Structures are given as structure tokens and as C-alpha cells.
1. Give me a count of the residues in the range 1-28 that are without any contact (Cβ under 8 Å) to a residue 60 or more places away in the chain, more than 19 Å from residue 81 (Cα to Cα) and not in a loop (DSSP other than H, G, I, E, B).
2. Where residues in the range 69-97 are under 21 Å from residue 42 (Cβ atoms) and out of contact with any strand residue (DSSP E or B) (no Cβ under 7 Å at 6 or more places or on another chain), which of them is surrounded by the most Cβ atoms within 10 Å (Cβ to Cβ)?
3. Test of understanding: among 138, 151, 100, which residue is over 23 Å from residue 34 (Cα atoms) and either loosely packed, with under 15 Cβ neighbours inside 10 Å or at pLDDT below 65 (or both)?
4. With 105, 44 as the choices, which residue is surrounded by 15 or more Cβ atoms within 10 Å (Cβ to Cβ), assigned to a helix (DSSP H, G or I) and in contact with a strand residue (DSSP E or B) (Cβ under 8 Å, 6 or more places away or on another chain)?
5. Just give me the residues in the range 57-68 being surrounded by 12 or more Cβ atoms within 10 Å (Cβ to Cβ) and either part of a loop (DSSP other than H, G, I, E, B) or within 21 Å of the chain's Cα centre (by Cα) (or both), in sequence order.
6. Could you please find all residues in the range 69-102 being closer than 30 Å to residue 6 by Cβ and assigned to a strand (DSSP E or B)?
């Protein structure tokens, strides 16, 4: 039986990544393009509430629910409707553009749960929490870019990706520290020199 997760996680999306603020993003359009190239029968489901509106609310804020179905398996992402500062938008101030943007972003996240571009979401959720102070990355430092498609010689690759997916809310530093106890991981610093990834991450997130 084909391993969809392994196949999609091997697709390199590095050259399609965009920078928005502190985060790296893969456009929903590129994510959908890559997915349909591999699985033409893949489907997206945008869930609606009982009134036929494509979002759900607790009376104060709203969230969307998007599912992506590949080979009969559906992964669903629930995403709050946020403003440009990543703060929840009060229900009274919502507009159709906000809802549409969130649906497209949830689409990219649901696709990532199938394996495509999943590494881009590491640490993204915790960085959105407004109430907790987050580590500040040195503004003069370059981004850490990992092309996971080149690192699949290990027979436990599926376990590694599942670990990343299951612990993304704990952030990049936690994940790198844990994986470093078993794997040798390297990256390039600002001068293009190959260095230990754990050392580089600790330096950037100090």
C-alpha cells in the first residue's frame, strides 16, 4: 500500500517558500498544485455551519474547518480567523475577505498534515500565542532552511516526521534538541559554513 505521507514529505518545496513577517509560508496555491500533481483525485472539503456559512463561532470569535482527502484519508485543520498581527478578529469585525484568507491558509495546513511542507509549520502555533513571551530571533541572522527531501536515508524517517508533527506546538528548539540525541543534523550559518544544527538554533533563539 502506498505511503502518502512518506511520498508527500519527500517533495521539496524550498524554492516556493515565501517570507511573511517572522514566518516562512508555502502558498495554498502551490501546496494544492503539488498535491494534485501527486494525487489528482485529492479533494478539499470546506465545512459550513447549520446556516450554510463557512465558519464556526462561539459568539465572540470565529474559526474555519477545512479537510483534505487523499486516497480516502481525510486530515482536518481548524484555524481561527486572525488579523495581520495574528490576533483573533472579533466576530463583529469579520468580513468575507478574512474568512476566505483563513480558509486558504487552513487548506495549506491540512495538506501539510498529509506530509507536504510540514516542516514549515514547526513552532508556528506557539509563536502565535499572544499571552506568552516568545524567543526573539536575531534580526540580522538568516533563516534556517532545511530541505528534508535530502535526508530520507534513515529507515525511521516516518517516525521522525510523526515526531515533528506531534510536537510542532513545542517549537523548533525543543524538536531539534530531542532529535539531536539520536541524529546528526547540520545546517549552514550566515557565512555559508556547515555547522551543527542544534548549536545554530540555540544561537538564533537565545
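1. 3
2. Selected residue: 70.
3. Answer to the check: 138.
4. Among 105, 44, only 105 is surrounded by 15 or more Cβ atoms within 10 Å (Cβ to Cβ), assigned to a helix (DSSP H, G or I) and in contact with a strand residue (DSSP E or B) (Cβ under 8 Å, 6 or more places away or on another chain).
5. First, the residues of the range 57-68 that are surrounded by 12 or more Cβ atoms within 10 Å (Cβ to Cβ): 57, 61-68.
Those that are surrounded by 12 or more Cβ atoms within 10 Å (Cβ to Cβ) and either part of a loop (DSSP other than H, G, I, E, B) or within 21 Å of the chain's Cα centre (by Cα) (or both): 61, 62, 63, 64, 65, 66, 67, 68.
6. Within the range 69-102, 69, 70, 73, 74, 75, 76, 77, 78, 79 meet the criteria.
The values are calculated or read from the model by the stated rules, or taken from the named source; none is laboratory data. Not measured: the values here are computed from a predicted model. Note: ideal-geometry Cβ built from the backbone for every residue, glycine included; neighbour counts use all protein chains shown.
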